[in-house]
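So the structure is just underneath, and the comments pick up after that.
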Amino acid sequence: MSGLVDGRVVIVTGAGRGIGRAHALAFAAEGAKVVVNDIGAGLDGSVTGESPAEQVVAEIVATGGKAVVNGDDVADWAGAENLIKTALDHYGRLDALVNNAGFLRDRMLVGMSEQEWDAVVRVHLKGHFATLRHAAAYWRGEAKTGNIVDARVINTSSGAGLQGSIGQGNYAAAKAGIAEMTIQAAAELRNYGVTVNAIAPAARTRMTVGAGGAMAEAMAAPEAGFDAMAPENISPLVVWLGSAESKDVSGRVFEVEGGKITVADGWRHGPSQDKGARWDPKEIGPVVADLLSKAEAPVPVYGA
């Protein structure tokens, strides 16, 4: 078997179902050795006792690929470290980390509990950081010993993180943090031979369909033709970002849905006015009105 990522060792978190499963299968189909991470959790993060990662590994092995199961909690510091160790122990190296694991506990901010906030921020934001931190430590060590590093990190943000989403304040905040952490990590790790990018995917998964209402209707499978919401549509970009071909792309966030790939423009300096001295509060109103008249209108929050 040979392909775009032939021989590269790739970790995919949350790879038992949905988009993560599609990533794992796509990497294996292109020749990668895959560490399939999943704890078998429900939509709210509760452990179900299921082993979907084993099923994905079985699918990969059945088609002649190489894969191994890891059941660590990515947001647990020692668990994230052991995840990286799993790749090193089984395959002797690590070339790409795809952070995908997550769950939802949706609620309007005014009714959200502290636990609902903490749980979602923990698995998404800390779960991305913990795995990235331990992988980066390995790659830095390799670079400092003179070994050539050509490594990739692909994080998973969301349209909710880029534009906001009514009823998903915890999730949106965590995903926004992931987008910014991607830019930060890209700047910090480039000297070690590591690129860091993120995707904001739109696809039909347990999380999106489970949201109900208009979103569930939008994510419904088409009766015929191209299934724009299939999770498998997201993976080609992720596989390419995990390959050697993407070495010149870093610090970027890509929105991807169906057959459409968009580069997210992100925060950047807009119109400004410099008085050259301290402003009087009474002067501010007309200044802000003028600046806003020159600035692009923000993208509407999902569900607003």
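Just to be sure before I move on: is ARG105 more than 21 Å from LEU4 (Cα to Cα) and either touching a residue at least 12 places away in the same chain (Cβ under 8 Å) or not in a loop (DSSP other than H, G, I, E, B) (or both) in the structure I sent?
When the stated conditions are applied, ARG105 passes them.
Please determine whether any residue of region 275-296 is of a type outside the set (Lys, Arg), more than 27 Å from GLY164 (Cα to Cα) and in contact with a Ser or Thr (Cβ under 9 Å, 6 or more places away or on another chain).
Scanning region 275-296, I find no residue that is of a type outside the set (Lys, Arg), more than 27 Å from GLY164 (Cα to Cα) and in contact with a Ser or Thr (Cβ under 9 Å, 6 or more places away or on another chain), so the answer is no.
Please specify each residue of region 247-269 satisfying the condition of being surrounded by 16 or more Cβ atoms within 10 Å (Cβ to Cβ) and in a strand (DSSP E or B).
Correct list: VAL253, PHE254, GLU255, VAL256, GLU257.
Among the candidates ALA277, ALA304, ALA289, which residue alone is among the small types (Gly, Ala, Ser) and either part of a strand (DSSP E or B) or at pLDDT below 95 (or both)?
After applying the criteria, what remains is ALA304.
Kindly state which helices (runs of 4 or more DSSP H) lie completely within region 126-197 and contain at least 1 residues that are of a type in the set (A, V, I, L, M, F, W, C) and more than 13 Å from the chain's Cα centre (by Cα).
Because the criterion is at least 1 residues that are of a type in the set (A, V, I, L, M, F, W, C) and more than 13 Å from the chain's Cα centre (by Cα), the helices (runs of 4 or more DSSP H) in region 126-197 that meet it are 127-144, 169-189.
Evaluate the following for ASN233: is it under 25 Å from ALA176 (Cβ atoms), of a type outside the set (A, V, I, L, M, F, W, C), in contact with a Phe, Trp or Tyr (Cβ under 8 Å, 6 or more places away or on another chain) and modelled with pLDDT of 95 or more?
no
Tell me, yes or no, whether region 179-188 has at least one residue that is among the small types (Gly, Ala, Ser) and at positive phi.
No, there is no match, as no residue in region 179-188 is among the small types (Gly, Ala, Ser) and at positive phi.
The values are calculated or read from the model by the stated rules, or taken from the named source; none is laboratory data. The structure displayed is predicted, hence computed values, not measured ones. Note that each Cβ is placed from the backbone with ideal geometry, even for glycine, and that neighbours are counted across all protein chains shown.
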